[in-house]
Amino acid sequence: MTRIFLMIASLFALAARADDAAIRKRAAALVAEMTPEEKAAQLTQYFFIPIGPLKEMAESEIRAGRVGALLFVADPKETNRLQKLAVENSRLKIPLLFGFDVIHGLRTIFPVPIGMAASWDPALVEKGQNIAAAEARAVGIHWAFAPMIDIARDPRWGRIVEGAGEDPYLGSAMAAAQVRGFQGPAIGSPDRIISGPKHFAGYGASLGGRDYDEVNLSDSELWNIYLPPFAAAVKAGAGNVMSAYMGLNGVPAAGNRWLLADILRGALKFNGFVVSDANGVVNLATHRFARDARDSAARALAAGIDMEMAFTGAAFTNLPDALAKREITPAVLDAAVVRVLEAKIRMGLFENPFVDEARATTVLGDPAHREAARVAAERSAVLLRNEGGVLPLSPASLKSLAVIGHLADAPRDMLGPWVFDFRLDEAVTILAGIRAKAGPGVRVEYARGVLLPPRKFASPFAMIPGNSPPPPPNFEPAAEFDKAVAVARAADAVVMVVGELQDMIGEAASRSSLELPGRQQELLDAVVATGKPVVLLVMNGRPLDLRAAAKVPAILDIWYPGTQGGAAVANLLFGDAVPGGKLPFSWPRHVGQVPVIYSRLASHDPAKAGERYFNEESTPFYPFGYGLSYSTFAFDKLTVDRPSIAAGGTLTVSVEVRNTGKRKADEVAQLYIHQRYGSAARPIRELKGFQRVTLEPGEARTLKFTLGPDELRYWSAAKKDWVVEASTYDVWIGGDSTAQLNATFEVTGK
Ligand code: NOJ
């Protein structure tokens with residue numbers, strides 16, 4: 001049986017390789033007919049923002065045959081119109097490739113990626129991007145600048161919201177799931193688009209958490225922490241990779257040959273096309289790296305950038321000149337064009353460059369997409385605290401409920417950053433969701449209480465229509481604050497929503513503090529002082545300082561939950577859904593602790609972690625992997641199927657997990673390992689497996705995990721290579737990164 005399967009699989013692989021060769025040949029034949037200017041055009045991508053002078057500029061460049069790709073068009077009429085311009089105006093009739101930031105949905109908005117990662121459910125994540133791809137493809141988009149798979153360990157960095165958090169293992173699983181979701185089994189699959197993981201590489205480690213700032217990483221950190229999600233995305237077949245903005249170890253990523261050629265194409269075996277980040281090539285001169293635009297273009301191309309993404313005035317228009325001056329070779333130029341054309345061929349654009357505008361409307365309005373977004377919001381929520389079983393609320397024993405907070409009734413903010421094609425009338429706010437669910441028996445009173453303050457420096461995204469809703473008229477701060485406290489006092493229970501506005505997180509949204517913005521903390525204190533049971537909902541994309549929420553009995557992290565956020569949250573609050581998400585990062589107590597990570601290296605007297613600051617606990621507020629449920633779980637019978645293996649071998653770890661509570665609920669079994677000694681210092685724990693399971697009350701299930709060379713290897717700074725070392729290994733399995741149930745095994749020399 002397996003043999004037949006293997007034979008069929010290798011036949012498919014052979015066919016795919018033949019296909020690859022044919023596609024490459026077709027692309028190369030086209031390139032052979034092209035002038036240097038036409039080649040440069042294929043390597044140029046412009047923004048098409050339907051306002052202002054950029055629009056005219058891009059249109060006249062398309063007419064002149066100087067554009068190979070566009071970004072930011074999501075209207076099927078427009079993609080068709082522009083595509084027509086391109087295929088009718090370029091000599092070789094080469095269609096445009098349309099890219100877009102399809103980050104967590106196009107029209108149907110899913111929870112932000114950090115929330116999706118908190119589901120610890122790769123199948124759910126894959127399905128989400130699958131839906132996003134279908135919506136995008138229907139409007140004429142061929143390529144998503146996603147997933148963002150930068151490891152982020154400093155929550156001051158606003159882009160932590162776009163990724164999967166601090167851990168390379170979880171990050172790799174989420175990266176691969178998203179690539180599969182966008183692309184399907186192969187590039188060009190129906191209703192799928194090209195996936196472009198970003199930003200290569202190390203962008204998440206910017207100094208001080210300041211966006212775009214320089215990054216300095218050791219080889220060990222790169223290989224063990226920052227590169228694994230990229231390796232996973234490439235292995236999953238990603239057709240594109242976007243390079244990062246910043247300099248890595250002193251060399252700008254877009255001009256970094258070692259990074260793009262040696263690592264990405266060499267070690268990771270990437271064979272798609274590489275795009276720069278927006279203006280990343282022109283910026284090589286800003287970095288004081290390139291002399292001028294021509295030098296930027298020549299050095300970016302030589303380093304491994306195939307396509308330049310630019311607002312206007314692309315540096316790559318200088319490529320013909322650079323070629324004439326022998327600053328680039330014809331072979332390097334042609335190879336880049338071949339890669340871009342291959343993508344267009346695979347997407348079937350030469351045969352069918354247009355989309356069916358009527359069908360687009362049906363796809364975007366598909367109610368099944370909204371249903372999937374609701375399930376995703378339910379599965380991503382993380383229950384951080386639930387003292388005295390305050391949650392779930394019971395409509396039967398409640399007569400009145402106070403809903404408080406700016407973010408409880410903020411349809412734009414609940415969608416989070418990185419959405420552009422949303423429909424506000426489809427967004428179910430927290431307040432609307434609660435009202436619909438509570439039913440006529442529960443009186444729901446809302447008070448905004450505080451208005452979150454605007455950013456000190458405006459967001460670059462504020463220019464996008466609908467992105468910055470105006471503040472409500474006649475907001476009288478003192479009266480609104482008092483009203484909120486009065487509404488709380490008059491109710492049986494309070495649901496208060498705190499967090500950050502959608503523009504306080506994301507690109508160009510780093511913060512020097514993790515405190516709740518505005519007067520939210522003050523309002524929370526006043527509401528808690530009423531003595532009413534308070535359920536705190538946190539709407540966020542980064543951990544916030546919650547030390548002052550000490551007297552709040554229940555905290556549920558709902559992230560920016562997306563289109564169906566209110567419906568999902570209401571189901572969670574009233575017990576029709578049970579929280580099962582887990583934190584994808586260690587939640588710091590205070591910004592001064594940053595970075596705080598669970599997989600730190602052991603060092604002097606590690607047992608006395610509390611002594612690392614004299615004024616503050618060193619442990620996080622909540623550990624990595626943490627999250628409660630309305631049920632309870634117990635882990636038992638941890639066994640390793642053999643006491644020792646030779647390096648390179650594989651063993652199986654099993655554990656029994658039992659639902660010891662009264663509700664059907666989910667638990668995420670997490671496996672951590674620790675190598676006791678080796679050629680380099682090893683982290684005190686590292687995640688190496690996880691499974692999210694649903695169990696009936698009283699039900700027990702035995703779960704199996706495999707540990708082999710992929711899980712046991714690491715990049716040793718001493719050996720300057722990947723190693724699996726003879727050592728004693730600890731293994732723990734449990735519901736978070738502080739799991740206590742453990743066993744050991746040995747790895748012996750080969
Ligand atoms: C800049 C961002 O860094 C990148 O992630 C995004 O895809 C591009 N702009 C295009 O919007």
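Readers should treat all values here as calculations from the given coordinates under stated rules, not as data from a laboratory. Note that the coordinates shown come from a computational prediction; the quantities given were computed from them, not determined experimentally. Cβ placement follows ideal geometry from the backbone for every residue including glycine, while neighbour counts extend to all protein chains displayed.
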- line: One finds, for T694 and L54 with R0 = 56 angstrom and r their Cβ-Cβ distance, a FRET efficiency to the nearest 0.05 of 0.70
message: List the residues, sorted by chain then number, that are 5 or more residues from V535 or on another chain and whose placed amide H is less than 5 Å from its amide H.
response: V494, V495, M496
- prompt: Pulled fully out, how much extra length does the chain show between E656 and S679, if you take 0.36 nm times their separation in residues and subtract their Cα-Cα distance?
  reply: 4.9 nm
field: Ranked list, fewest to most other Cβ atoms within 10 Å of each Cβ, for Y630, Y560, Y677
entry: Y677, Y630, Y560
task: Beyond 13 Å, what share of the Cα-Cα pairs of region 261-329 is found? Please give it as a whole percent.
output: 62
query: Under a plain spin-label model, where a point goes 7 Å from the Cα along Cα-to-Cβ, how far apart in nm are D576 and S618?
result: 4.8
task: Quick one: angle between helix 293-303 and the longest Cα principal axis of the chain, in degrees between 0 and 90, rounded to 10, please.
output: 80
- prompt: Dividing the Cα radius of gyration by the Kirkwood radius, what Rg/Rh value follows for region 284-408?
  reply: 1.29
query: Which value, in debye to the nearest 20, describes the size of the charge dipole of the chain about its Cα centre when Lys and Arg Cβ atoms bear +1, Asp and Glu Cβ atoms bear -1, and nothing else is charged?
result: 860
query: Sorted by average packing, counted as other Cβ atoms within 10 angstrom per residue and highest first, what order do 376-387, 463-474 take?
result: 376-387, 463-474
message: Counting each pair of different Cα atoms once, what's the Kirkwood radius of region 640-750 in Å, rounded to one decimal?
response: 14.9
task: Would you mind getting me the FRET efficiency between A261 and A18? Use the beta-carbon distance for r and R0 = 35 Å, nearest 0.05.
output: 0.80
- request: Quote to one decimal, in nm, the extra length available between N216 and K664 on full extension: 0.36 nm per residue of separation minus the C-alpha distance between them.
  value: 156.6 nm
- request: Please get the size of the charge dipole for region 181-308, origin at its Cα centre, with Cβ charges of +1 on Lys and Arg and -1 on Asp and Glu, quoted in debye to the nearest 20.
  value: 240
message: Can you give me the angle between helix 122-138 and the longest principal axis of the chain, using Cα atoms only, in degrees from 0 to 90, rounded to the nearest 10?
response: 50
DSSP-defined antiparallel bridges as percent of all bridges, the chain, nearest 5: 55
message: Spelling out what I want: for every residue of region 336-341, take phi, set θ = phi - 60°, compute 6.51 cos²θ - 1.76 cosθ + 1.60 (Karplus), and round to whole Hz; glycine and proline get x.
response: 5, 5, 4, 5, 5, 5
query: Could you give the nm distance between label points at N474 and A29, where each point is 7 Å from its Cα heading toward the beta carbon?
result: 7.2
message: Based on Cα coordinates alone, diagonalise the gyration tensor for region 431-558, multiply each eigenvalue by 5, take square roots, and list the semi-axes in whole Å, largest first.
response: 26, 18, 15
statement: Calculated from DSSP helices alone, with each H run of at least 4 adding -39500 (n - 2.57) and the total divided by the residues of the chain, [θ]222 nm to the nearest 500 comes to -8500 deg cm²/dmol
- prompt: In the structure displayed, which of K551/K664; K77/K582; K25/K235 lie more than 32 Å apart, Cα to Cα?
  reply: K77/K582
- prompt: When L82, L407 are ordered from fewest to most other Cβ atoms inside 10 Å of their Cβ, what list results?
  reply: L82, L407
field: Rg ratio (alpha-carbon, reference 2.2 N^0.38 Å) - the chain
entry: 0.97
query: Out of L407, A432, G466, whose Cα points farthest toward the positive end of the dipole of region 407-475 (charges: +1 Lys, Arg; -1 Asp, Glu; placed on Cβ)?
result: L407
field: Ranked W732, W120, criterion: other C-beta atoms within 10 Å, fewest first
entry: W732, W120
query: Label points 7 Å out from Cα along the Cβ direction at D492 and F354: separation in nm?
result: 6.0
message: Taking only the Cα atoms of region 173-256, how large is their convex hull per residue, in Å³?
response: 94
task: Work out how much length A368 to K325 would gain on full extension: take 0.36 nm times their residue separation and subtract the Cα-Cα distance, in nm to one decimal.
output: 9.9 nm
Region 127-216 - Kirkwood radius from inverse mean 1/r over Cα pairs (Å): 13.7
- prompt: By how many degrees, between 0 and 90 and to the nearest 10, does the Cα long axis of helix 76-89 differ from the longest principal axis of the chain?
  reply: 10
